[in-house]
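The structure under discussion appears below in the form of structure tokens.
The values are calculated or read from the model by the stated rules, or taken from the named source; none is laboratory data. The shown structure was predicted, so the numbers you read here are calculated from the model rather than taken from an experiment. So basically every Cβ, Gly included, is an ideal-geometry build from the backbone, and we count neighbours across all protein chains shown.
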Ligand code: HEM
């Protein structure tokens, strides 16, 4: 497996709370070094064992805090599950195989017989494999749970009906300081209400949701700074140094956390699958050149005080900017 891609969405030098949707497979990502479009939903790289270990820990600690369903229709569930199984197998470089009934993972050493209409795991067998120990004690409770435990991405399903949209399922085992239970069953505007400066984006919610369901697939990126590289920052999980009142900025212990998110619509089922894949890289790796340091400093300076607070950066920002601006001149 290859090392993870280092994404630098801050290279535009501007922080924006906006849709920022790029059409998967065709639309170039302007700040990518090669300017190329991206086509994949799932990325498998050499952080796979760490992601699986983190997902297994969330599952073991309290699966219900991360995963749930709210009025998910059989048709939408089947569409999302079928897309998930087919696409993860196609993009896994042979690690995962899927024959329409059984999904086998050669790294994890498990094979599940899935009923996509019922959303169930009908049978699970395990063999010894490089990572079988990571999930040895994990019992997947349904097909979405099983499928989510084979990939690095977190998963959510949005549904739409005559009265609007709602978040119909979550399998988000590595959330970044939000609680999936607060969001399940809520509409786009309610989900995004805590995001500082989300008013203009939220005002276009019906059009955004319609685009996601009928005109994708899309990819988008969110980014922030974190003071640990722990993947799971569920608010009810054990605290760590990230967003801790005592934590001070230290360039050797800081990380850029980018979330690569994809949206794939199922128009016949009036819904869409949302994937979230965190990428954490040491800040010293994320800003290696003076241009990168200058762009990140500019992007951070473009945040409003409310956005700085929302991103958990209020106590860190002065020292962070000093460090970045010195690096920009070096
Ligand atoms: C068209 C689709 C979407 C767009 C354009 C969008 C946009 C955004 C933006 C701009 C942010 C702020 C990012 C930042 O911290 O800088 C955000 C945050 C967030 N989004 Fe979305 N989003 C979309 C779909 C979804 C979906 C389907 C979910 C369901 C899980 C979701 C869950 C969240 C959550 C939980 C946050 C953080 C909110 C919090 O801190 O409580 N988003 N989104």
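Side notes on the structure shown:
- Verdict on residue 206 being farther than 24 Å from residue 40 by Cβ, within 12 Å of the ligand (Cβ to nearest atom) and touching a residue at least 40 places away in the same chain (Cβ under 8 Å): yes
- Taken over the range 209-218, the residue count meeting the criterion of being under 16 Å from the mean Cα position of the chain (by Cα) and more than 8 Å from the ligand (Cβ to nearest atom) is 1.
- Restricted to the range 3-45, and to residues there that are within 19 Å of the chain's Cα centre (by Cα) and over 18 Å from residue 262 (Cβ atoms), the residue that is nearest to the ligand (Cβ to nearest atom) is 17.
- In the set (1) closer than 15 Å to residue 148 by Cα; (2) at pLDDT below 95, the condition left unmet by residue 34 is number (1).
- Scanning the range 178-203 for residues that are more than 9 Å from the ligand (Cβ to nearest atom) and either modelled with pLDDT under 95 or closer than 20 Å to residue 306 by Cβ (or both) yields 189, 190, 199, 200, 202, 203.
- Residue among 289, 280 that is more than 16 Å from the ligand (Cβ to nearest atom) and modelled with pLDDT of 95 or more: 289
- Restricted to the range 1-11, and to residues there that are in contact with a helix residue (DSSP H, G or I) (Cβ under 7 Å, 6 or more places away or on another chain) and surrounded by 14 or more Cβ atoms within 10 Å (Cβ to Cβ), the residue that is nearest to residue 206 (Cα to Cα) is 10.
- Residue selected from the range 254-263 under the condition away from the ligand (no atom under 11 Å from the Cβ) and under 19 Å from the mean Cα position of the chain (by Cα), by the criterion surrounded by the fewest Cβ atoms within 10 Å (Cβ to Cβ): 255
- Residues within the range 219-235 that are exposed (fewer than 15 other Cβ atoms within 10 Å of the Cβ) and away from the ligand (no atom under 14 Å from the Cβ), tallied: 0
- Residues being surrounded by fewer than 21 Cβ atoms within 10 Å (Cβ to Cβ) and assigned to a helix (DSSP H, G or I) - total across the range 276-298: 7
- The listed residue being more than 25 Å from residue 73 (Cβ to Cβ), away from the ligand (no atom under 14 Å from the Cβ), in a loop (DSSP other than H, G, I, E, B) and in contact with a helix residue (DSSP H, G or I) (Cβ under 6 Å, 6 or more places away or on another chain), out of 251, 239: 251
- Contact annotation: residue pairs with Cβ atoms under 6 Å, 6 or more positions apart or on different chains, pairing a residue in the range 1-30 that is at positive phi with a partner that is within 13 Å of the ligand (Cβ to nearest atom), are 13/299; 20/220.
- Selection status of residue 94, over 22 Å from residue 264 (Cα atoms) and buried (at least 19 other Cβ atoms within 10 Å of the Cβ): no
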